[in-house]
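*Asks:* The structure that follows is given in the form of structure tokens.
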Amino acid sequence: MTDIENIADAVIDFKRKTDKPIVAIFIGNALVGMGREKLHAGGVTTLSTPEEGASALGSLARLAAWHSD
């Protein structure tokens, strides 16, 4: 099994080093709950499915394009 809390810590550490948006997709509900909570507390957006991630990142790209016009 994946050590979800260590992965969450690594994602939070990476977020502190970049100004880019970070979106984490942790699939598994009960199995990843503690990791999601940790990410949320660290300011990382968490989603439940790859489709949600694609939609969120697409929205960010459209917003960035709108701001650059």
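The values are calculated or read from the model by the stated rules, or taken from the named source; none is laboratory data. Owing to the predicted nature of the structure, the values given are computational and were not obtained by experimental measurement. Neighbour counts are summed over all protein chains in view; Cβ atoms, including those assigned to glycine, are modelled from backbone coordinates with ideal geometry. Just the protein is used for accessible areas: all its heavy atoms, side chains included, with ligands, DNA and RNA removed. Shrake-Rupley method; radii C 1.70, N 1.55, O 1.52, S 1.80 Å.
*Asks:* Would you be able to tell me the number of residues in segment 18-41 that are more than 12 Å from the chain's Cα centre (by Cα), open to solvent by 80 Å² or more (accessible area, probe 1.4 Å) and under 19 Å from residue 60 (Cβ atoms)?
*Replies:* Adding up the residues that qualify gives 1.
*Asks:* Right, next: Return yes when residue 47 is closer than 13 Å to residue 4 by Cβ and under 9 Å from the mean Cα position of the chain (by Cα) and no when it is not.
*Replies:* Values: closer than 13 Å to residue 4 by Cβ: no; under 9 Å from the mean Cα position of the chain (by Cα): yes.
Criteria not met by residue 47.
Results for (1) small (Gly, Ala, Ser); (2) farther than 22 Å from residue 64 by Cα, shown as yes or no for each residue.
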site: 11; (1), (2): no, yes
site: 17; (1), (2): no, no
site: 20; (1), (2): no, no
site: 34; (1), (2): no, yes
site: 38; (1), (2): no, yes
site: 42; (1), (2): yes, yes
site: 47; (1), (2): no, no
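*Asks:* Among the residues in segment 42-56, are any open to solvent by 90 Å² or more (accessible area, probe 1.4 Å) and among the hydrophobic types (A, V, I, L, M, F, W, C)?
*Replies:* The answer is no; no qualifying residue exists.
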